[in-house]
Amino acid sequence: MRKKGASPMQANVLLNHSEKYNGKYVAKRSFQDKEVVCSGDNPKDVAEKANKKGIINPVIFYVPKKGMVHIY
């Protein structure tokens, strides 16, 4: 139950145009930044590409394929 006057929770979008990166690992400068610096099939390669672009500690995560079931 929401308090009177409280705003609803907003979705936190990690990146724009995620459908472009389905099934790929992507690197960003930070969680707040929505721009993808580089992407690829292997997280190690993606980290190396980001480092070559001057990003020392990139945020790297996997964008699942549409319809893929995940069990955590």
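Collect the residues in the stretch 15-72 that are β-branched (V, I, T), surrounded by 12 or more Cβ atoms within 10 Å (Cβ to Cβ) and part of a loop (DSSP other than H, G, I, E, B), keeping them in residue-number order. Please lay out each step first, then the result.
So the first thing to find is which residues in the stretch 15-72 are β-branched (V, I, T), and the list is 26, 36-37, 46, 55-56, 59-60, 63, 69, 71.
Among the residues that remain, those that are also surrounded by 12 or more Cβ atoms within 10 Å (Cβ to Cβ) are: 26, 36-37, 46, 55, 59-60, 63.
Scanning the stretch 15-72 gives V36, V37, I55.
Within the stretch 1-34, how many residues turn out to be at pLDDT 90 or above, of a type outside the set (S, T, Y) and farther than 23 Å from V69 by Cβ?
Result for the stretch 1-34: 3.
The values are calculated or read from the model by the stated rules, or taken from the named source; none is laboratory data. Everything numeric in this text was worked out from a predicted model, so none of it was measured. As a convention, Cβ positions derive from the backbone with ideal geometry for all residues, glycine included, and neighbour counts pool all protein chains shown.
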